[in-house]
Amino acid sequence: MKLSEYVDRLDDELDTAAYADVDASANGLQVGPDEAEIERVAFAVDAAQATIETAADAGADALVVHHGLSWGGIERVTGRAHDRIAALIENDVALYVSHLPLDGHSELGNAAGVADAVGLSGREPFGEIGPVTIGTIGETASPRSADAIRETLDGFEGQPKGEPSPTRVLDFGPEEIERVAVVTGSGVDWLDEAVAADADALITGEGKGKVYHEAREAGLTVFLAGHYATETFGVRALESLSSEWGLETTYASHPTGL
């Protein structure tokens, strides 16, 4: 398959253009010749030296990631930027990036993957950012305790194993949780939207200092399950889709523990 065809398919599937005005990430093809032929594609959460090397060692022609290299443009190709771009070019590995489009996709997205794992049904778009959304909100099949949901989140790929639980829980909501909002990565800025949507809980990756008192005062339970761990779902979904398109695939797992 030509790289240009693959990029077009991904852009169409993810509705990349809809996020162009709200996402700092330069989504789409960031590095690579449009007309290259590709057979094997690697997938990873982050475009970093470690994942680029893994992709190259696996003989990948392209690397698809959630967090890319260009955030608002690249002014100078020096230091880390040079080393990462050089590694891609020297190994003939193209780089495709999908940030917010891969957060918000209703089926392939990170939030959708978390919602599937937790068992949320009747889902609706959530997490407004301009004219688009980057999350989802839905209902559990039956009321669940904060501990039960935490156990599910603890089992996510990339979560550190052992005690204590890697998922931080701000348990200020009702004892029985039914309505849950999800914004993966760094999503605590949507706490007020979760409250307005009558959510009992918000699941995200990492927190900010303000979230403790905001959650306590709002009577909302907040789960902080790790930025990396909540954002493996999208690239894994794209891996499965790419396999259906006839491409060989490989996954570059490199958990950060954060």
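The values are calculated or read from the model by the stated rules, or taken from the named source; none is laboratory data. What you are looking at is a predicted structure, and each value in this text was computed from that prediction instead of being measured. A quick note on method: Cβ atoms are made from the backbone with ideal geometry, for glycine too, and the neighbour counts reach across all protein chains shown. Keep in mind that these areas ignore ligands, DNA and RNA; they rest on the heavy atoms of the full protein, side chains included. Shrake-Rupley method; radii C 1.70, N 1.55, O 1.52, S 1.80 Å.
Rounded to the nearest 20 Debye, what is the dipole magnitude of the stretch 180-232 about its Cα centre when Lys and Arg each give +1 and Asp and Glu each give -1 at the C-beta?
Around 180 debye, computed over the stretch 180-232.
Helix-only estimate, please: 222 nm mean residue ellipticity of the chain, summing -39500 (n - 2.57) across DSSP H runs of length 4 or more and dividing by its residues, to the nearest 500. Provide the component values of the computation, followed by the final result.
Details: 9 runs with 82 residues, N = 258.
The helix contribution divided over the chain gives -9000 deg cm²/dmol.
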The chain, Cα convex hull volume normalised per residue, Å³ | 128 Å³
Max mean-square fluctuation residue, GNM over the chain, Cα-Cα springs under 10 Å, options Val31, Val114, Val97 | Val31
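Report relative contact order for the stretch 37-147 in percent, whole number only (criteria: Cα-Cα under 8 Å, sequence separation at least 6). Could you put the intermediate results ahead of the total?
Values: 166 pairs, mean separation 21.2, N = 111.
The normalised contact order for the stretch 37-147 reaches 19 percent.
In whole percent, what relative contact order does the chain give with Cα contacts below 8 Å and a gap of six or more residues?
Rounded, it is 20 percent for the chain.
Give me the 1.4 Å probe accessible area per residue for the stretch 119-169, excluding ligands and nucleic acids, in Å².
Numbers: 2680 Å² over 51 residues.
Per-residue accessible area for the stretch 119-169 comes out at 52 Å².
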Find how much the distance from Ser186 to Arg9 grows on full extension, using 0.36 nm per residue of separation minus their present alpha carbon separation; answer in nm with one decimal.
-> 60.9 nm
With +1 on each Lys and Arg Cβ and -1 on each Asp and Glu Cβ, and nothing else charged, work out how big the dipole of the stretch 1-140 is about its Cα centre, in Debye to the nearest 20.
-> 400 debye
Mind telling me which of Thr167, Thr232, Thr152 comes out most flexible in a GNM of the chain, alpha-carbon contacts under 10 Å?
-> Thr152
Computed from every Cα-Cα pair in the stretch 146-258, P(r) in 5 Å bins starting at 0 and rounded to whole percents is 2, 12, 21, 20, 17, 12, 8, 5, 2, 1, 0
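Stretched out fully, how many nm does the piece from Arg40 to Lys161 gain, at 0.36 nm a residue minus the Cα gap? Numbers along the way, then the final one.
Numbers: separation 121, 0.36 × 121 = 43.56 nm, distance 3.12 nm.
Taking 0.36 nm per residue and subtracting the Cα distance, the gain is 40.4 nm.
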How do the peptides 49-59, 240-250 rank, highest first, by the average count of neighbouring beta carbon atoms within 10 Å per residue?
-> 49-59, 240-250
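Only helices at least 15 Å long along their own axis, judged from Cα atoms, and with Kyte-Doolittle mean hydropathy of -1.0 or greater: name those in the chain from DSSP H. Show your work: numbers first, answer last.
Numbers: long enough: 3-14 (16 Å, -0.71); 79-90 (16 Å, -0.12); 233-244 (17 Å, 0.17).
Membrane-span-like by this rule: 3-14, 79-90, 233-244.
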